[in-house]
1. Just rank Thr56, Thr75, Thr33, fewest to most, by other beta-carbon atoms within 10 angstrom.
2. With +1 on each Lys and Arg Cβ and -1 on each Asp and Glu Cβ, how big is the dipole of region 158-264 about its Cα centre, in debye rounded to the nearest 20?
3. Using a 10 Å cut-off around each Cβ, can you sort Arg144, Arg43 from fewest to most neighbouring Cβ atoms?
4. Given a cut-off of 29 Å, name the pairs among Lys147/Lys219; Lys159/Lys196; Lys176/Lys252; Lys34/Lys196; Lys190/Lys240 whose C-alpha atoms lie farther apart than that in the structure shown.
5. Could you give the nm distance between label points at Glu85 and Glu114, where each point is 7 Å from its Cα heading toward the beta carbon?
6. If neighbour count is taken as other Cβ atoms inside 10 Å, put Lys318, Lys219 in order from fewest to most.
7. Find the Cα radius of gyration of region 158-264, compare it with 2.2 N^0.38 Å by division, and give the number to two decimals.
8. What is the distance in Å between the Cα centres of region 55-127 and region 168-240?
Amino acid sequence: MKYQIKHLILTLILVLVFGLSLPARILAIGQLTKPIIIENGLRGQEIEQTLTILNTEDKEVTVGLLAENDIKDWTAFYDPGNKEEPILNIIAPANSTKEVLAVIKVPNDSPNGEYNGFLSIIQEADSEAISTTTMATVRQKVARTFKIVVTDQEDVNIKASIIPEKYDLLSSEPLKIRVIYDNQGNIAVKPQIQVKISQSDKIYTNLIFPYPEDEEAVKPLQRHETAAIEIPVDQLEFGKAQAQIAVLYNNKTLQEENITFSYKQKEENVEGTSSAPKEQAGYGIITIIKQIPLVYYLYGLLVIIIIYLIYITIALKKRS
C-alpha cells in the first residue's frame with residue numbers, strides 16, 4: 001500500500017514537472033467593447049460599429065474577424081481608412097489597440113422579430129508555435145454580443161452637443177460653435193441648426209445652417225461632428241448677449257439650448273508705450289533670482305559656512 005502511494009506521488013510529481021517544462025503560449029488579445037442592443041431596427045438599415053482590438057503581446061499579431069449566428073451573412077468588416085474593400089483579418093500592433101469597422105446591413109426581406117449574433121475576433125497560433133512540437137498553443141476568440149429587433153416604425157432620436165469655441169469674444173470675432181451629433185434612432189438623418197442672437201430682448205441675427213452637403217448623414221448609433229459654424233456678431237453692442245440654438249429636422253425642433261457670451265472691445269496698445277519695461281524694472285532682480293537653480297544656493301551656503309569655520313579657527317588660535 002505504501003509502495004502504491006509513493007508510486008502515485010512520484011507519478012504526479014513527474015507529470016507536474018513535465019507540464020511546467022512546456023512553454024505554454026497564452027495568446028493575449030481582447031475587445032474594448034460592450035453588447036450592442038438595437039430595439040428598433042428597420043429593414044434595409046445599415047449599422048456601423050467600431051470594434052477596438054487590444055493586443056498585449058510584444059509583437060504585432062494577425063487577428064481574424066468573424067460574424068456569427070443570425071448576422072453571419074449581414075456583416076462585413078473594413079479597415080476604418082478604407083470602406084471600399086471588406087477584410088477578413090487585420091494586423092494589431094504590439095502593445096497597442098487597433099480599430100475595425102463592422103457594417104451590419106439588415107436585409108430588406110427580413111421579417112419582424114429578434115435577431116442575435118456575435119462580432120468576434122480570433123487569434124490563431126503563429127507558424128513558429130505550430131512548428132515547435134513542445135509548444136502548447138491556444139486558439140483565442142473574444143466575442144461581442146449583438147442583438148437587433150426589426151420593426152416597421154421609424155424612430156428619429158438624435159441629440160446634439162453644442163460647444164462654443166469661446167465665451168468671451170473681442171470685436172470683429174465671430175461666434176464659433178461646434179456641433180457633435182449622437183444618433184440613437186434607426187434612420188440616417190441630416191439635421192439643421194438654427195441660431196438666434198439677441199441682446200436686451202432684441203434679436204440681431206436669425207440664421208438656419210443646413211447640414212453640410214459634402215458630409216454623409218449621421219447613421220444610426222453613430223456620433224459625428226460636422227464642420228464648425230460661424231455667426232458674425234459685429235452688429236452687437238459691447239456687453240453680454242445670448243445665443244438660442246435649435247436642432248431641426250423636417251421642420252420640427254428636436255432640441256433647444258441657450259448660451260450666454262460676452263462681446264468686448266479689443267484693447268489696442270498705443271505706439272511708443274509698453275508696460276513690459278516697467279515690469280522688468282520692478283521685478284527684474286526677483287526674476288533673475290528665481291531663475292538660479294537651488295543647487296547654487298546650497299553651494300553658496302556651504303561656502304559661507306566653510307569661511308565662517310575658518311574664521312573661528314583662526315580667531316581661537318590667536319587667543320590661545
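1. Ascending Cβ contact count within 10 Å gives the list Thr56, Thr33, Thr75.
2. Computed about the Cα centre, the dipole is about 280 debye.
3. On the way: Arg144 18, Arg43 14.
Exposure proxy ranking, most exposed first: Arg43, Arg144.
4. With Cα atoms farther than 29 Å apart: Lys34/Lys196; Lys190/Lys240.
5. 4.0 nm
6. Details: Lys318 7, Lys219 18.
Ordered from fewest to most neighbouring Cβ atoms within 10 Å, Lys318, Lys219 come out as Lys318, Lys219.
7. Computed over Cα atoms of region 158-264, the ratio equals 1.11.
8. Spelled out, the Cα-based centre of one part sits 36 Å from the other.
Bear in mind these aren't lab numbers, they're just calculated from the coordinates by the rules spelled out. None of these values were measured; they are calculated from a predicted model. Here Cβ is always computed from backbone atoms with ideal geometry, including for glycine, and neighbour counts include all displayed protein chains.
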